[in-house]
Amino acid sequence: MYAIKTLLNQYLRFIITVFGIALCVILMLFILSVYKGSADGAVQYIRSSDTDIWVLQNNATNILRNTSLLSSNYGKTLTGIEGIRSASPVLFMLASVKTREHPASIYLAGYDIQSEKGGPPSITEGRNISNDNEIVLDHSFAAKYKIRTGDQVFIKNDTLIVAGLSSGTNMFVLQYAFITLGKAKELFGFSGFVSAYLINTYPGIENEEVINSIKEKIPNSAVFDNSSFLENNNYEVKSGILPLLFIVALIGGIVLTAILSLILTVYVLEQRKDYAIMKALGASAGFIPGMIVKQSLILAGCGMIMALVLFFPLCNLVEKISPEISAVSSFRQVVLVIMGLAVISLISSLIPGLKLRNIYPLEVFQ
Amino acid sequence: MNGSLAQMYSVSKTFNRSGTKTDALHNVSFQANAGELTLLLGPSGSGKTTFLTLLAGLQKPTEGTITIFGKNVKDYSSRELQILRSRHIGFIFQTFYLLDSLTSLENVMLVMKFAGISKNESRVRAEEFLDRFGVKHLGNAYPKTLSQGEKQRVAVARALANGAELILADEPTGSLATQQGMTIVHFLKEAAKTENRCVIIASHDERIKTFADRVLHLSDGEII
C-alpha cells in the first residue's frame, strides 16, 4: 500500500522511471531478438536444405566464413559411391550487385536448378529461377534497395532479372541470392570448381559409412552430416555476434541497475522522515527493506509491461527502416528478460536498503 | 496491565558530542502508572524529549535503570523493543508526523499492521477511533488537506488504536490553537481514565496542568 502510494505520489517521476526501465528492457529484448533473427537466418539455408551430407574442401568447416573449392569432376566420383542417391554441386561466392542507387554485396549461391538442391529455402514473392538470366534475392535485401520482382540487377557485366524474393536467407550482415550453377561459374571465371556438394543418401543407409567412403575416395575433402554442419555454422554465427551482443546486453543491464538504484535511493532519502516515523512506531526490521524491494519490483514490472507494449511496434518500425535487421522474438526470450529484470530489481534494492540502516527512529524527536 | 508500567531509577543520560559531554537527564526517578496522566513540564532543552525516548526504549540510559513492563530496558532485544513499540506504546508528536502519501484511515491502520493486527480488524478499529475523535468523515482525506487540529486528532487515533497502554506525547499542543490543544489533552485524559492507559505528556504549556494527575517539573535534566 505504502510502497505503491509513495511511488505514485510523484507520478511524473514514476512515469519517467518506468519509461527509462522500459527502454532498457526494449534494448535487451531487441538484442536477443536480433541475435535470434541473425542466428536463425544465417543457418536457415542449411537447415532447410534437406541434405544428408555436406562435402567441402579439406579444412573448411562452414559456408559462412570459410572458402571451399572442389573440382567439378568430383560429382561423378560421388555419385559412384555406394549409398549416394544424388550429389548436387553448389558454388558460393561474394559478389557486388549494382542496384539503382548503390552497389551492394550479396552472397551468391549458384545451384543446379534441375535437382533444386541448394536453392532458396522458400519464395515469398514471384517464383524461383528457371534460366541463367534470372536471380532470386533475399526479401530484406530487396526491400532495403527497393528492388521488386521483374527489376534488373547488374553483376559484373551481366544483367539479371529478379524472378523472385526468398526468406530465411538473411544473415544480418549479408544476404543470400540465388542463380544457376552455370551462371555462377561464369561469374566466378573458373568453370572447373564448385564450393560444396550436397549429398542425399538412400533410405536406410548409415551416413557414417558414406562419409568414410567419401573421405576415402576424395582425400582432399571435409565431409559432415547435416547436423554437424549445422552446428559448425551455428558456432560461427555465435562466435561472431554473441560476444558483441552479450556486452551490449550487459551494458543495458548495468544501466538498468544504476537507474533503479538511483531512483530508489532518491525515494529513500526523500522519505527519510517517514521511515524514521515507521521505525519509531514499531515497524519490523524487514518491513521497510521489504517495501523498497516491492517498489523496485513495481517499477520493474511496470517497465516490463510498457516495454512489451512498445517492443513489437518498434520492431516493425525498425524492420521497415532497416529491412536487413531481422528481429525474431520468442516467449523464451521474454521469460528470460523477465527473470533477468527480477534479479536486477533485487540487486538494485541493495544500495537503498543499506541507506535505511542509517535512519534512526530518534530523528523524529529532533 | 495495571499499576506501574514503567519505572526509572536514578537515571542519567549523557550525550558526548565532539568530545563535549552534555547531561540531558541527571538522577531522575519516576514511576509511570496506568490510569494516570502525567505532565512533564519544562522549557526547551530541559530534557523532556530525552525522558520520553528513554521510556520508549529508543535509547538506553548512561546510568541508572529503566524497566518497561517489568523488564530492564537493557535486557530487551531490538526485536522485542520493536514489538513493544508497535503493540504497547503509542506516540504523539508536536508536528503530527502523519505519512503524507497515506490517507487518515491508512495512517491509523499502518500502526496496527506493525502490531500484527489483521487488515479487516485494523480497518474497523481505525474507523472506530477516527469516529471517536470526530474525524471519521476524513478517513479518505490525505494529511495535506487537513487542518492542524484534524491532523492531531488523526495522530491521537493512531496512538490509541492499537491498544497501547503507554502513551507518550511530545508537545502535542505545540502546533495547535488553544481550544484545539485543550481538546486533544481532554481526549488523552479520557483515554487514561476510561481505558486505564498511562499518558505522559511532555510540554511547556502550563495550561495542561489542570488535566494532569501528576506534574513533574524538569529543569536542566533534573526533576525539581
Of the numbered conditions (1) more than 10 Å from chain A (Cβ to nearest Cβ); (2) at pLDDT 95 or above; (3) under 24 Å from B:Val11 (Cβ atoms), B:Ile89 fails exactly one; give the number of that condition.
-> (1)
Does at least one position in the range A:212-220 carry a residue that is of a type in the set (Val, Ile, Thr), outside any helix (DSSP H, G or I) and open to solvent by less than 10 Å² (accessible area, probe 1.4 Å)?
-> yes
Considering each residue of the range B:113-170, count those that are under 13 Å from the mean Cα position of the chain (by Cα) and open to solvent by 60 Å² or more (accessible area, probe 1.4 Å), and give that number.
-> 0
Residue set A:Ala276, A:Ala283; condition within 14 Å of chain B (Cβ to nearest Cβ) and either under 17 Å from the mean Cα position of the chain (by Cα) or in contact (Cβ under 8 Å) with a residue 40 or more places away in the chain (or both); output residue A:Ala276
Starting from residues that are of a type in the set (S, T, N, Q) and in a strand (DSSP E or B), keep the ones in the range B:1-13 and report whichever is nearest to B:Gly47 (Cα to Cα).
-> B:Ser12
On the given criteria, is A:Ala249 open to solvent by 40 Å² or more (accessible area, probe 1.4 Å) and of a type in the set (Gly, Ala, Ser)?
-> no
Only one of (1) at pLDDT 95 or above; (2) β-branched (Val, Ile, Thr); (3) part of a helix (DSSP H, G or I) does not apply to A:Val223, and that is (3)
Contact list, first residue from the range A:338-366 and under 30 Å from B:Leu81 (Cα atoms) and within 14 Å of another protein chain (Cβ to nearest Cβ), second anywhere and at pLDDT 90 or above and outside any helix (DSSP H, G or I), beta-carbon distance below 6 Å, six or more apart or interchain, is A:Pro361/B:Leu58; A:Leu362/B:Leu58; A:Val364/B:Tyr97
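Answer with yes or no whether A:Ala42 is assigned to a helix (DSSP H, G or I) and not basic (Lys, Arg).
Working: assigned to a helix (DSSP H, G or I): yes; not basic (Lys, Arg): yes.
Against the criterion (assigned to a helix (DSSP H, G or I) and not basic (Lys, Arg)), A:Ala42 qualifies.
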Failed item in (1) in contact with a helix residue (DSSP H, G or I) (Cβ under 9 Å, 6 or more places away or on another chain); (2) modelled with pLDDT under 95; (3) of a type in the set (Val, Ile, Thr), with B:Ile224 passing the rest = (1)
Does A:Val309 satisfy being modelled with pLDDT of 95 or more and open to solvent by 30 Å² or more (accessible area, probe 1.4 Å)?
-> yes
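Regarding A:Val268, is this residue crowded, with 18+ Cβ neighbours inside 10 Å and closer than 14 Å to A:Trp54 by Cα?
Details: crowded, with 18+ Cβ neighbours inside 10 Å: yes; closer than 14 Å to A:Trp54 by Cα: no.
Against the criterion (crowded, with 18+ Cβ neighbours inside 10 Å and closer than 14 Å to A:Trp54 by Cα), A:Val268 does not qualify.
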Specify which of the listed residues (B:Leu99, B:Leu110, B:Leu81, B:Leu54) is more than 9 Å from chain A (Cβ to nearest Cβ), crowded, with 17+ Cβ neighbours inside 10 Å and either touching a helix residue (DSSP H, G or I) at 6+ places or on another chain (Cβ under 9 Å) or at negative phi (or both).
-> B:Leu54
Every residue from the range A:331-366 that is open to solvent by 30 Å² or more (accessible area, probe 1.4 Å) and hydroxyl-bearing (Ser, Thr, Tyr) = A:Tyr360
Of these, A:Phe19, A:Phe30, A:Phe14, which one is within 14 Å of another protein chain (Cβ to nearest Cβ), at pLDDT 90 or above and either part of a helix (DSSP H, G or I) or surrounded by fewer than 19 Cβ atoms within 10 Å (Cβ to Cβ) (or both)?
-> A:Phe14
Considering only the range B:21-51, state which residues are closer than 18 Å to B:Asp170 by Cβ, open to solvent by 10 Å² or more (accessible area, probe 1.4 Å) and polar (S, T, N, Q).
-> B:Ser44, B:Thr49, B:Thr50
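The values are calculated or read from the model by the stated rules, or taken from the named source; none is laboratory data. This one's a predicted model, so the numbers in the text were calculated from it and none came from an experiment. With ideal geometry, Cβ positions are generated from the backbone for all residues, glycine too; neighbour counts draw on all protein chains shown. SASA here: full protein model, heavy atoms, side chains in, ligands and nucleic acids out. Shrake-Rupley method; radii C 1.70, N 1.55, O 1.52, S 1.80 Å.
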